[in-house]
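All remarks here apply to the structure that follows.
The values are calculated or read from the model by the stated rules, or taken from the named source; none is laboratory data. Because the structure is a prediction, the values reported are computed rather than measured. Cβ atoms come from the backbone with ideal geometry, glycine included; neighbour counts cover every protein chain shown.
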Amino acid sequence: MSSEHRLDALAGGADTPLKIERQSDGKTTIIWLIGRIRSEDLEELKAQTNDSSERMILDLHEVTIVHADVIRFLSTSEKEGITLVHCPPYVREWIQRERAEGETQSGEE
């Protein structure tokens, strides 16, 4: 049996809010992120990705803009086993750059 949830995490202001669509069959959860993902949306994103599914997928196909804090969240999520699909090229490049900078900084300590 599949459960579907539609949530709107309002980012506020005149900006397009983040829209979150979620589907889960108990084993796999797919979360579609649509619009602008701002730092203010991280609490809701963390709550959405914190469930007991064996597999978690974030679909970023319709993401338009992300903040730096969101890139760090996506990078950490991916390292923890969450799959990112349809990731815009600029987001993927930014994640890779953040990881490279993190490795350089940890190497200097």
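I need the full set of residues from the stretch 43-74 which are in contact with a strand residue (DSSP E or B) (Cβ under 8 Å, 6 or more places away or on another chain) and among the basic types (K, R), in order please. First the steps, then the outcome.
In the first step, residues of the stretch 43-74 are kept if they are in contact with a strand residue (DSSP E or B) (Cβ under 8 Å, 6 or more places away or on another chain); the result is 44-45, 48-49, 51, 53-67, 70, 74.
If the condition is that a residue be in contact with a strand residue (DSSP E or B) (Cβ under 8 Å, 6 or more places away or on another chain) and among the basic types (K, R), then R55 is the only one that fits.
Results for (1) closer than 13 Å to L33 by Cβ; (2) polar (S, T, N, Q), shown as yes or no for each residue.
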| position | (1), (2) |
| --- | --- |
| E62 | yes, no |
| F73 | yes, no |
| E78 | no, no |
| G81 | no, no |
| Y90 | no, no |
| E93 | no, no |
| Q96 | no, yes |
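In the stretch 50-69, which residue that is aliphatic (A, V, I, L, M) and modelled with pLDDT of 95 or more is farthest from T29 (Cα to Cα)? Even if it seems obvious, please write down each step before you answer.
As a first pass, look at the stretch 50-69 and keep what is aliphatic (A, V, I, L, M): 56-58, 60, 63, 65-66, 68.
Remaining after also requiring modelled with pLDDT of 95 or more: 56-58, 60.
Working: M56: 5, I57: 6, L58: 9, L60: 14 Å.
Once the filter is applied, the top-ranked residue is L60.
Out of the residues in the stretch 56-109 that are assigned to a strand (DSSP E or B) and touching a Ser or Thr at 6+ places or on another chain (Cβ under 6 Å), state the one that is surrounded by the fewest Cβ atoms within 10 Å (Cβ to Cβ).
Looking only at the stretch 56-109, we keep the residues that are assigned to a strand (DSSP E or B), and these are 56-66, 83-85.
Retained after the next criterion (residues that are touching a Ser or Thr at 6+ places or on another chain (Cβ under 6 Å)): 56-57.
Numbers: M56: 19, I57: 16.
Of everything passing the filter in the stretch 56-109, I57 is surrounded by the fewest Cβ atoms within 10 Å (Cβ to Cβ).
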